[in-house]
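S.K.: Provided herewith is a single structure, encoded as structure tokens, for subsequent inquiry.
Any read-out appearing in this document is the output of simple, stated calculations on the displayed coordinates, not a laboratory observation. Source: prediction; values computed, not measured. All Cβ positions, glycine included, derive from the backbone under ideal geometry; neighbour counts span all protein chains shown.
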Amino acid sequence: MLSAFFLGIRMKTSIWMALALVLVLEGLGPMFMPRAWRRMILTMTRLPDRLLHRFGGGLVVAGMVIYCMLSLHGNL
């Protein structure tokens, strides 16, 4: 039971570390290439909603697949 407690703590820490990494990666664009980042955002605002919906869904599916692969085979 105690090991499950520590596993829960480690998992919470991993989730926060993953979120921190996402924030760092998302911040690199506006930090180093603000003009290109702004153009990209403006271009995305002109895309049809259906395309953005599919793109977002693809990112969610890809993230879930990577998460499942790492959680199943992370000890290799």
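S.K.: How much length would be gained if the chain were fully extended between T43 and E26, taking 0.36 nm per residue of separation minus their Cα-Cα distance, in nm to one decimal?
M.R.: 4.4 nm
S.K.: Between I15 and A62, how many nm apart are label points set 7 Å from Cα along the C-beta direction?
M.R.: 2.3
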